[in-house]
Amino acid sequence: MGTPSDGNGKQRQREAYHAEDPASGPLTTDQGVDVDHTDDSLTVGERGPTLMEDFHFREKLTHFDHERIPERVVHARGAGAYGYFEPYESCAEFTRAAFLQDPSVRTPVFVRFSTVQGPRGSADTVRDVRGFATKFYTSEGNYDLVGNNFPVFFIQDGIKFPDFVHAVKPEPHNDIPTGASAHDTLWDFVSLQPETLHAIMWLMSDRAIPRSYRMMQGFGVHTFRFVNAEGRGTFVKFHWKPKLGAHSLVWDEAQECQGRDPDFNRRDLWLAIEAGEYPEWELGVQLVPEEDEFAFDFDLLDATKIIPEEQVPVRPIGRMVLDRNPENFFAETEQVAFHTANVVPGIDFTNDPLLQARNFSYLDTQLIRLGGPNFAQIPVNRPVAPVRTNHRDGYHQGAIHRGTNYFPNSLGGGCPAHVGAGGSAFTHYTERVDGATIRRRSPSFQDHYSQAALFWHSMSGWEQQHIVAAFRFELGKVDARAVRARTVEQLARVNGELAAQVARGVGVPEPSAEQAAQVKQVSPALSLQSLRGDGSIRTRQIAVLVADGVDAGQLGSVRETLAAEGAVVEALAATEEPVTGTDGQSYTVDRSLPTVASVLYDAVLLPGGPTGTPAVTGDPDAVRFVRSAYRHGKPIGALGSGVGILSALEPEGLRLSTEFHHMISDRGVVTDTAPGAAHTDFVRAFVAAIAAHRHWGRPPLRC
Ligand code: HDE
């Protein structure tokens, strides 16, 4: 590993960092002077004024006063982790990138996930795009793939970015709303800028409220270029596919979660890694030969468009595993600096105007955020490849450079020298570009509706319902009626039924649907239904509601199976006092019901026993828990008297187990009134219901 000045700097830096760790020795000042007392300032007498000569006090306060750096203008709230990437096989046919050649070579990575609109202290489960930025510390230098969990962006040209971000951020007069897009200025912008519509469809879908960072896709968004050793280019789009499948919350739940646990996604990532449940994604690429650049009915350079997977399949090329949490949030997750222009030989840009703008913006923003040009020396940003430059000095310079600082030189032995042509150097792809200076969007970028319609038509029924509800919610928060109406008119160009349903919800006239875009075929790959992952229930959080009198046999058998499948099972009761089972044994309670809520779990189990779960005795927290899990489509398993709780809620038309009909599984509600330990078919059905994540089309509860 290298630094600007030496070859083993990373190791040395680590040692220095730990030497400064206050936990590893006596308290000192910044100058290394031991401190005997940090609780009282130096005063004249016990009640007198504080003395200026108290340098420890002044240093402590001064440092504290300067602890904050500007937060990112977008993507301020995030969570990160380290891990590695390994290719499945050599990709030499398409790219010379060293980290994509050899399956036996693991490349270290750091990934930062983020929300976009909210500030650092905002909640995780807001409706928003999620950032998915990966830094590959490759042997040829750092490569940053700075993507999102949507494959398309809201605008086509980076010059619109400040306008878009101003519109979506809190309104300038009152700084409201935090972490939300449901306000006038965003929708004003959307209604006037139809290129936003495709990404807006994604934003209104459940993709914008992921269950977990570990359960969402990532996309490079732009069309990039692979370049092989012969200099041949191939267009490439990057896809990350989560091993656990892509799963989302429902909006009502996401909102409650913002209060119950604002750190929901951050905590989930942290805990999974701490538990050794390392999240994993497969990296896939869509490859388009250069000669097919114009083979599509959209422009490959337009970042508001996808290449449907059915048209160009995603080819898996490797996997990424995140297996280490950062040690210090500020030092690593906050100070990591991604830059789209951090590329390595074999990966290059295209003329996508959004990407070109990003290549300017990311470096520019770090200069102010991280206080000068030396941020690449911060440990999390340091390449593992050696760094030898003639860059010198500047704020926060940590290297002690020696020798000459210009090129060419003879006095420094000509070092650092150029590598020879055709060697390991990055060589920009040779592309002939002709044209007059012009400030105009290409006509090939003008179709803003077809792919928004493709997305809509590719959704399952429940996904479409959620999209309609999201539009109604968002536009319902818009005060300007004209903005509501104008947005609905735009939606009519996507789909008439969508527009009509939204119009009815927000009280504006239903526009004519004559202009709706025609869709020749759908793309099933866009639906969350197609992204079930490996079908396992690993790391799903299962709540078991218990009380004194719980059927010990049932509790034990289901718990064991769920735990064996990798689920995290927690026993919840009215208080944290252990409960006594039917076998007279005492059972630990993990959490008390008032401290948790159904929105923090993926599924709930109601074991039997005379008074086996707190809901049987009418505990309001428990009843609310079950009702909320039911409404959010979560799997519910109930045994014996536990089934009675469900019947009492009267889900009209839902089939529940009775004394004549044992195990019944209906829309994710799995019940069994048979006496004795839980039967295998019950456990199997409950596990299958959890693996399916959510269950739609349940009848409403009457009680
Ligand atoms: Fe970003 N974006 N962006 N962006 N972006 C930033 O860089 C910008 C865009 C993305 O975890 C900023 O270091 C412009 C698309 C992620 O640290 C800033 C344009 C995509 C992150 C910036 C875009 C992204 C950022 C803010 C339009 C998906 C968080 C702080 C031309 C492909 C990275 C920073 C992290 C962050 C500019 C559009 C993803 C200001 C000008 C498209 C994941 O430089």
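Points to keep in mind about this one:
- Qualifying residue in the stretch 485-498 (condition: among the acidic types (Asp, Glu) and under 20 Å from Pro194 (Cα atoms)): yes
- Within the option set Thr365, Thr333, Thr340, being within 13 Å of the ligand (Cβ to nearest atom) and assigned to a loop (DSSP other than H, G, I, E, B) holds for one residue only, Thr340.
Here is a yes/no grid of residues against (1) surrounded by 14 or more Cβ atoms within 10 Å (Cβ to Cβ); (2) acidic (Asp, Glu); (3) closer than 23 Å to Phe226 by Cβ; (4) within 16 Å of the ligand (Cβ to nearest atom):
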| residue | (1), (2), (3), (4) |
| --- | --- |
| Ser361 | yes, no, no, yes |
| Phe375 | yes, no, no, yes |
| Thr389 | no, no, no, no |
| Pro416 | yes, no, no, no |
| Ala425 | no, no, yes, no |
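- Long-range neighbours under 9 Å by Cβ, at least six apart or interchain, first residue open to solvent by 70 Å² or more (accessible area, probe 1.4 Å) within the stretch 517-533, second among the small types (Gly, Ala, Ser) and in a loop (DSSP other than H, G, I, E, B): Gln529/Ser460; Arg532/Gly245; Arg532/Ala246; Arg532/Ala692
- Restricting Leu300, Leu354, Leu283 to residues that are open to solvent by less than 20 Å² (accessible area, probe 1.4 Å) and under 21 Å from Phe85 (Cβ atoms) narrows the list to Leu283.
- Flag if Arg540 is farther than 20 Å from Met201 by Cα, of a type outside the set (Val, Ile, Thr) and surrounded by fewer than 20 Cβ atoms within 10 Å (Cβ to Cβ): no
- If you go through the stretch 330-342 and keep only what is open to solvent by 30 Å² or more (accessible area, probe 1.4 Å), of a type outside the set (Gly, Ala, Ser) and over 17 Å from Ile368 (Cα atoms), you end up with just Asn342.
- Some residue of the stretch 479-497 being without any contact (Cβ under 8 Å) to a residue 60 or more places away in the chain, polar (S, T, N, Q) and part of a helix (DSSP H, G or I): no
- Helices (runs of 4 or more DSSP H) fully within the stretch 612-703 counting 3 or more residues that are over 17 Å from Ser598 (Cα atoms) and over 36 Å from the mean Cα position of the chain (by Cα): 641-649
- Within this structure, Pro151 passes the test of being touching a Phe, Trp or Tyr at 6+ places or on another chain (Cβ under 9 Å) and within 13 Å of the ligand (Cβ to nearest atom).
- Scanning the stretch 128-141 for residues that are buried (at least 23 other Cβ atoms within 10 Å of the Cβ) and either modelled with pLDDT under 95 or more than 15 Å from Trp281 (Cβ to Cβ) (or both) yields a total of 4.
- Residues of the stretch 36-83 satisfying the condition of being hydrophobic (A, V, I, L, M, F, W, C) and under 43 Å from the mean Cα position of the chain (by Cα): Phe57, Leu61, Phe64, Ile69, Val73, Val74, Ala76, Ala79, Ala81
- Single match in Pro313, Pro326, Pro308 (criterion: more than 16 Å from the ligand (Cβ to nearest atom) and either in contact with a strand residue (DSSP E or B) (Cβ under 9 Å, 6 or more places away or on another chain) or open to solvent by 50 Å² or more (accessible area, probe 1.4 Å) (or both)): Pro313
- Checked against (1) within 16 Å of the ligand (Cβ to nearest atom); (2) among the basic types (Lys, Arg); (3) touching a helix residue (DSSP H, G or I) at 6+ places or on another chain (Cβ under 7 Å); (4) assigned to a loop (DSSP other than H, G, I, E, B), Arg120 passes all but condition (3).
- Of everything in the stretch 104-117 that is touching a residue at least 40 places away in the same chain (Cβ under 8 Å) and outside any strand (DSSP E or B), the residue that is most open to solvent (accessible area, probe 1.4 Å) is Val116.
The values are calculated or read from the model by the stated rules, or taken from the named source; none is laboratory data. The model shown is predicted, which means the values in this text are computed figures rather than measured ones. For neighbour counting, all protein chains shown are included, and Cβ atoms are generated from backbone atoms with ideal geometry for every residue, glycine included. Just the protein is used for accessible areas: all its heavy atoms, side chains included, with ligands, DNA and RNA removed. Shrake-Rupley method; radii C 1.70, N 1.55, O 1.52, S 1.80 Å.
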